[in-house]
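K.L.:
Questions regarding the structure given below will be posed in turn.
The values are calculated or read from the model by the stated rules, or taken from the named source; none is laboratory data. Values in this document were obtained by computation on a predicted structure and should not be read as measured data. The accessibility values were calculated without ligands, DNA or RNA, using every heavy atom of the protein model including side chains. Shrake-Rupley method; radii C 1.70, N 1.55, O 1.52, S 1.80 Å.
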Amino acid sequence: HCLAAHAVCQREIDCDRGNGYSCKITLLRNYWKIKVKQEWLSGKYSNIPSQFSLPEKSMYPMDVDAWGEILEAELER
């Protein structure tokens with residue numbers, strides 16, 4: 001699971017692991033960020049008619065680099 005999460009949130013996983021957190025704690029700390037970012041990157045929210053159509057858990061505080069990755073993925077679609 002840690003390797004799969006690393007593919008989505010490399011910076012966050014590396015940071016937590018570098019700070020001595022176990023894989024289990026790292027996954028718990030980053031679960032929603034990983035889930036939401038993976039959904040955005042997969043294109044789940046590419047063709048929504050308005051912000052009101054987004055599910056409740058479609059947003060999560062992410063850094064500018066994470067949103068940059070998401071925007072790049074959208075531009076490539």
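K.L.:
Given the options LEU41, LEU54, LEU27, state which has the largest fluctuation in a GNM of the chain using a 10 Å cut-off (strictly under) for Cα springs.
P.N.:
Greatest mean-square fluctuation among the candidates belongs to LEU54.
K.L.:
Could you work out which residue, out of LYS44, LYS24, LYS35, moves most in a Gaussian network model of the chain, that is, has the largest mean-square fluctuation with Cα springs under 10 Å?
P.N.:
LYS24
K.L.:
Given the rule -39500 (n - 2.57) for each run of at least 4 DSSP H residues, summed and divided by the residues of the chain, what is its mean residue ellipticity at 222 nm, to the nearest 500 deg cm²/dmol? Before the final figure, lay out each step's value.
P.N.:
Values: 4 runs with 49 residues, N = 77.
Rounded to the nearest 500, the figure is -20000 deg cm²/dmol.
K.L.:
A further question on this structure: Over the chain, with the other protein chains present, what is the accessible area per residue in square angstrom, probe 1.4 angstrom?
P.N.:
On the way: 5430 Å² over 77 residues.
It amounts to 71 Å² per residue over the chain.
K.L.:
Here's something else I'd like to know. Could you state, as a whole-number percent, how many of the C-alpha pairs of the chain are farther apart than 20 Å?
P.N.:
Considering the chain, 33 percent of its Cα-Cα pairs are separated by more than 20 Å.
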